[in-house]
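Below is one structure; the comments refer to it alone.
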Amino acid sequence: MTPGVFEYHRPNTVEEALALLGQFGEDGKVLAGGHSLVPMMKLRLAEPAHLIDINAIDGLRGIRDEGDVIVIGAGTTQAEVLTSDLLAKKCPILPEAAAQIADPQVRNCGTIGGNCANGDPGNDDPAIMMALDASYTLQSQDGERQIAAREFYQGIYTTALADNELLTEVRIPTPAEGVGMSYQKIKRKVGDYAIAAAAVTLSMSNGQCTDAAIALTNVGDTALLPLAAADAIKGTSVDASAVDAAAEAAMAASEPVEDLRGTREYRTAMAGQMTRQAIVEALSRAAGS
Ligand SMILES: Cc1cc2nc3c(=O)[nH]c(=O)nc-3n(C[C@H](O)[C@H](O)[C@H](O)COP(=O)(O)OP(=O)(O)OC[C@H]3O[C@@H](n4cnc5c(N)ncnc54)[C@H](O)[C@@H]3O)c2cc1C
């Protein structure tokens, strides 16, 4: 199918983009990499009257180290995340996940902002941002606000983003040295969305887990943050019984739909298995284990 009729706008600055978003409200839609929005438009599941292409806004791109925070511009592509030396050194879960998102063609255009703003439970970055306790900077003509990734997702394609707002950057508290992290994703084939995936960050000191976060992709209406799963390993040596308890808690929190990727039972089991694998790998990467 072909998309409906729309007017195309290409602002050069954030201010121009915000003015267009303010002017068009729910009739306007931001176009970033287009790898989720354009297929939706072709299916007529999205029919914006005004398309606001943010690709000419240089200020939305780039990854920078602000000391206690790593800031990723919303227009930064997955390919840029994948090849970032800064992220490889300080937050390797992001390039690790980017390598598992779609294929090079999609990664060359698809953006971190689009992945986080889209609201599709199959997107990989939301769970990772939850595990990292990242926040999103949302700007409109009325000003700027920060919202935690953990509070942003409300349902399938429903987020806290208002019609007149632009996601301008993702802010990640710089992980302390020695934090172990891992993203484990099972999919039917290279380039596919997850059957289930788990993001884990954990800190160890003297053989005890002092902090942990676990988040899940594509086993609910949104990315999930099963607190009981993280609690199951905190304060333990992350031995086999603690890992089992965390995997059980992740499965208990999962509510996947049955689809081409598998039955509810299979996808729930895979949420547990990905949690298990991600914990084991994060532990092997953590200092102080
Ligand atoms: C074949 C294929 C396989 C894929 N596999 C995966 C996968 O395995 N994992 C995965 O995570 N994704 C996958 N994707 C989706 C891909 O990662 C998309 O690029 C991503 O979901 C959206 O990013 P985008 O930059 O393309 O955004 P767009 O498609 O341009 O936009 C997506 C939505 O976000 C909004 N938006 C975008 N940027 C902003 C912003 N800065 N502020 C406010 N709103 C904004 C748009 O208005 C739109 O509603 C796949 C896509 C394809 C085509």
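The values are calculated or read from the model by the stated rules, or taken from the named source; none is laboratory data. Since the structure is predicted, the reported quantities are computational estimates derived from the model, not experimental observations. Ideal geometry is used to build each Cβ from the backbone, glycine not excepted, and the neighbour counts take in all protein chains shown.
Give me a count of the residues in region 122-157 that are hydroxyl-bearing (Ser, Thr, Tyr), over 13 Å from Asp221 (Cβ atoms) and more than 11 Å from the ligand (Cβ to nearest atom).
1
Can you tell me which condition Ala98 does not meet? The list is (1) within 12 Å of the ligand (Cβ to nearest atom); (2) out of contact with any Leu (no Cβ under 6 Å at 6 or more places or on another chain); (3) without any contact (Cβ under 8 Å) to a residue 40 or more places away in the chain, and all the others hold.
With respect to (1) within 12 Å of the ligand (Cβ to nearest atom); (2) out of contact with any Leu (no Cβ under 6 Å at 6 or more places or on another chain); (3) without any contact (Cβ under 8 Å) to a residue 40 or more places away in the chain, Ala98 is out only on (2).
Filter region 105-121 down to residues that are farther than 12 Å from Gly34 by Cβ, near the ligand (Cβ under 6 Å from one of its atoms) and in contact with a strand residue (DSSP E or B) (Cβ under 9 Å, 6 or more places away or on another chain), then give me how many there are.
2
Report, by residue number, each residue of region 169-215 that is within 11 Å of the ligand (Cβ to nearest atom) and surrounded by fewer than 22 Cβ atoms within 10 Å (Cβ to Cβ).
Lys187, Arg188, Lys189, Val190, Gly191, Asp192, Tyr193 - these are the residues of region 169-215 that are within 11 Å of the ligand (Cβ to nearest atom) and surrounded by fewer than 22 Cβ atoms within 10 Å (Cβ to Cβ).
So which residues in region 257-289 are in contact with a helix residue (DSSP H, G or I) (Cβ under 6 Å, 6 or more places away or on another chain) and within 11 Å of Val219 (Cβ to Cβ), if there are any at all?
Matches in region 257-289: Thr268, Ala271, Gly272, Thr275.
Identify all residues within region 262-285 that are in contact (Cβ under 8 Å) with a residue 12 or more places away in the chain, surrounded by fewer than 22 Cβ atoms within 10 Å (Cβ to Cβ) and of a type in the set (S, T, N, Q); write none if there are none.
Thr268, Gln273, Gln277, Ser284, listed by residue number.
Scanning for something surrounded by 14 or more Cβ atoms within 10 Å (Cβ to Cβ), over 26 Å from Tyr193 (Cα atoms), in contact with a His (Cβ under 8 Å, 6 or more places away or on another chain) and in contact (Cβ under 8 Å) with a residue 60 or more places away in the chain, does region 51-63 turn up at least one residue?
Among the residues of region 51-63, not one is surrounded by 14 or more Cβ atoms within 10 Å (Cβ to Cβ), over 26 Å from Tyr193 (Cα atoms), in contact with a His (Cβ under 8 Å, 6 or more places away or on another chain) and in contact (Cβ under 8 Å) with a residue 60 or more places away in the chain, which makes the answer no.
Considering only region 108-128, how many residues are part of a helix (DSSP H, G or I) and closer than 21 Å to Ala196 by Cβ?
6
Would you confirm, using the coordinates I've provided, whether Ala46 is touching a Lys or Arg at 6+ places or on another chain (Cβ under 8 Å) and under 17 Å from Asp163 (Cα atoms)? Quick ask: steps written out before the conclusion?
Numbers: touching a Lys or Arg at 6+ places or on another chain (Cβ under 8 Å): yes; under 17 Å from Asp163 (Cα atoms): yes.
Yes: the conditions hold for Ala46.
Out of curiosity, is Ala160 of a type in the set (A, V, I, L, M), surrounded by fewer than 23 Cβ atoms within 10 Å (Cβ to Cβ), free of Cβ contacts under 8 Å to residues at least 24 places away in the same chain and more than 10 Å from the ligand (Cβ to nearest atom)?
yes
One line per residue, one yes/no per condition, for (1) in contact with a strand residue (DSSP E or B) (Cβ under 8 Å, 6 or more places away or on another chain); (2) within 11 Å of the ligand (Cβ to nearest atom):
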| residue | (1), (2) |
| --- | --- |
| Ala19 | no, no |
| Val30 | yes, yes |
| Pro39 | no, yes |
| Ala46 | yes, yes |
| Glu66 | no, no |
| Val69 | yes, no |
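What is the residue count in region 238-261 for residues that are surrounded by 15 or more Cβ atoms within 10 Å (Cβ to Cβ) and either of a type in the set (S, T, N, Q) or assigned by TED's automatic domain parsing to the domain that holds Met130 (or both)?
Here the count works out to 1.
Within the group Ile147, Ile112, which residue is modelled with pLDDT of 95 or more and in contact with a helix residue (DSSP H, G or I) (Cβ under 9 Å, 6 or more places away or on another chain)?
None of the others qualify; the one that does is Ile112.
Please specify each residue of region 25-75 satisfying the condition of being within 28 Å of Pro92 (Cα to Cα) and part of a strand (DSSP E or B).
Scanning region 25-75 gives Leu31, Ile63, Arg64, Asp65, Val69, Ile70, Val71, Ile72, Gly73.
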